[in-house]
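No value in this document is a laboratory result; all are computed from the given coordinates. These figures come from a predicted structure and were not determined experimentally. FYI the Cβ positions are ideal-geometry reconstructions off the backbone, even for glycines, and counts take in every protein chain you see.
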Amino acid sequence: MNTADPHEASGAYTLHALPEDERLAFEQHLEGCASCREEVAGLQAAAALLGQAAAVTPPAALREEILRRVALTPQDEPVRAREAPAPPRQAHVAPEPVPVTPSAGGRAHAPSRQLPRLALAASVAAVLACLGVATWQYREAEDARTATRRSQEHQEEVARVLTAPDVRLETQELRGGGTATVAVSRSEDAATLAVSGLPRLPAGKVYEAWFIEDGEPVPAGLLSRDPGRRLTLLDGPVDDATAVALSVEPAGGSEQPTTDPLGAVGLPT
């Protein structure tokens, strides 16, 4: 990158895109230019934050895509000194000035110098866009792996309860025509709940299960608005529980039942 104005080299310097001689010259310029030091510090901070967002392996086609976009970006012709014809000896002719455009900060720049800067910005934008897609894909894949792992762990815990040598099944009809079946294992200190025939609840409502311990309800997990025939691993130990109850609660659950229980399934001691 060749530029007569060191103020335009901040972006290239941050991206380590300056040749060695221009880098040394720009660093000398930084010692006496507070505005450039501030601009470089901001660009470096932004680059650091982008790097911390996610450490991912870029797609295999990223390099080819960046090179393709750079190749399609119009580049400016090099600025050459304009040669004026030799004036007659008897007359003095002033050289034609190069038109300049004042910038927002008050510095004047040749219009042609803006194009390389725009091309650099377009290339950087293309890189960031590709990295954004890669980051999104990485997070989506990580979320899917986490959900799969949790589902496998849940299935393993349910299987331990259902295959425990001391597992017991208890069934109870619920108010409104539904049925609840509890599988409990004292050796595993866990229980599952299966329901059927329950109506779908309106938005903002869920079914919530409760362990009954010494006559007091203890939250044991949430079911969905439309549980169907599903098996839920109840939260918490069952050592002191004598029954499992079910009630309708606001979305997110409650610390104590806010409605009358639909029914309770007694647990064997």
*For the range 241-247, just list the computed ³J(HN,Hα) in residue order, Karplus coefficients 6.51, -1.76 and 1.60, θ = phi - 60°, integers in Hz, with x standing in for Gly and Pro.*
7, 10, 6, 10, 10, 9, 9
*the range 186-203 - phi-based ³J(HN,Hα) in whole Hz, Karplus 6.51/-1.76/1.60, Gly and Pro as x*: 6, 5, 8, 6, 8, 8, 10, 10, 10, 10, 8, x, 7, x, 6, 8, x, 4
_Rough spin-label spacing in nm, given labels placed 7 Å along Cα→Cβ, for residue 170 and residue 65_ = 5.8 nm
*asked:* Could you check the spin-label model distance between residue 20 and residue 162? Points 7 Å from the Cα along Cα→Cβ, value in nm.
replied: 7.0 nm
*Where Lys and Arg each count +1 and Asp and Glu each count -1, what net charge lies around residue 164 among other residues with Cβ under 9 Å from its Cβ?*
0
*Residues with amide H under 5 Å of residue 190's amide H, sequence separation 5 or more or different chain, H placed in the peptide plane at 1.01 Å from N; which?*
185, 238
_Can you give the FRET efficiency to the nearest 0.05 for residue 259 and residue 189, using r as the Cβ-Cβ distance and R₀ = 25 Å?_
0.30
